[in-house]
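The values are calculated or read from the model by the stated rules, or taken from the named source; none is laboratory data. Since we're looking at a predicted model, the values are computed, not measured. Here the Cβ positions follow ideal geometry from the backbone for every residue, glycine too, while neighbour counts run over all protein chains shown.
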């Protein structure tokens, strides 16, 4: 039987290496929860040593389904398990990788939520900012839609990452990959307006200077959760769809750029995606727009 300590120690060593590789704290926490399920199953099933076979892991996968977890959650857990066993094999802790053929459950293709162009206008059509909070909200929304940043990337911006002359943002993305992302003139005006309120807020509250662009009322760096809560209130006030999130503005950014003719690979670079297939999921063209694009691009369609 595998004692809890060796397996737990292996999980801890795996997580330490993940952190050293620059994996985000959020991902490390999620992986910890996934692997805790594996450890619990190993103890329950009394696994014998490290001789874990593909069949044993398939039983674990079946148990996840039997517990009522949705296919997406099962897929995430199994992805973590595959990564963990691949690491065990790569580092010589096990002679064979039993998880190499572990498959995810079938799941329906689900398109990410996004805004139409009209909804984007409605969402961003806020009253003029009159104080720090209203200026911050306006700037958050405008930059999310103007740049397509992940919410974690947005709140991670420091003042030295903003280049007004070139109208670009220096962004640290997933895997500590740095990229430059442009933003338009209107967003630049709104950002400058917010930064003026930010400076006044720090002075008025006698708060210490900080590098973070987006601050909470106490002068600390704003969190992704706070941004989601702020957006939720705006969405409710604008009577938009309830599922719209900060990430939906990222999807909308990609979809609207594609609809207006930007190359998909250029959008991939802006979003910081390693794979083009990931970018394709972020794009949405309705049938009318797709037909217009087809008719303007196909040589035979142009003739008719």
*Across the range 61-97, what is the total count of residues that are in contact with a helix residue (DSSP H, G or I) (Cβ under 6 Å, 6 or more places away or on another chain), outside any helix (DSSP H, G or I) and within 16 Å of residue 39 (Cβ to Cβ)?*
1
*Would you point out the residue of the range 246-304, among those that are at pLDDT below 70 and assigned to a loop (DSSP other than H, G, I, E, B), that is surrounded by the fewest Cβ atoms within 10 Å (Cβ to Cβ)?*
304
_Which listed residue, of 130, 81, 52, is surrounded by 17 or more Cβ atoms within 10 Å (Cβ to Cβ) and more than 30 Å from residue 277 (Cβ to Cβ)_ = 52
*asked:* Considering only the range 9-19, I want to know if a residue exists there that is modelled with pLDDT of 80 or more, surrounded by 14 or more Cβ atoms within 10 Å (Cβ to Cβ) and farther than 28 Å from residue 68 by Cα.
replied: yes
*Take residue 202 and decide whether it is in the same structural domain as residue 280 (by TED's automatic domain parsing), modelled with pLDDT under 95 and within 24 Å of residue 229 (Cβ to Cβ).*
no
*Odd one out for residue 134 among (1) within 17 Å of residue 233 (Cβ to Cβ); (2) part of a loop (DSSP other than H, G, I, E, B); (3) without any contact (Cβ under 8 Å) to a residue 24 or more places away in the chain*: (2)
*Checking residue 47 against (1) touching a helix residue (DSSP H, G or I) at 6+ places or on another chain (Cβ under 9 Å); (2) free of Cβ contacts under 8 Å to residues at least 12 places away in the same chain, which single condition isn't satisfied?*
(2)
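Listed here are the residues, each with its yes/no results for (1) in a helix (DSSP H, G or I); (2) in contact with a helix residue (DSSP H, G or I) (Cβ under 7 Å, 6 or more places away or on another chain); (3) within 30 Å of residue 266 (Cα to Cα).
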residue: 143; (1), (2), (3): yes, yes, yes
residue: 170; (1), (2), (3): no, yes, yes
residue: 180; (1), (2), (3): no, no, yes
residue: 193; (1), (2), (3): yes, yes, yes
*When you go through 214, 183, 197 one by one, which is the residue that is farther than 18 Å from residue 147 by Cα, crowded, with 17+ Cβ neighbours inside 10 Å and in contact (Cβ under 8 Å) with a residue 40 or more places away in the chain?*
197
*Those residues that are within 22 Å of residue 150 (Cβ to Cβ) and either at pLDDT below 80 or more than 20 Å from the chain's Cα centre (by Cα) (or both), I need them from the range 217-242; list them, please.*
220, 233, 234, 235, 240, 241, 242
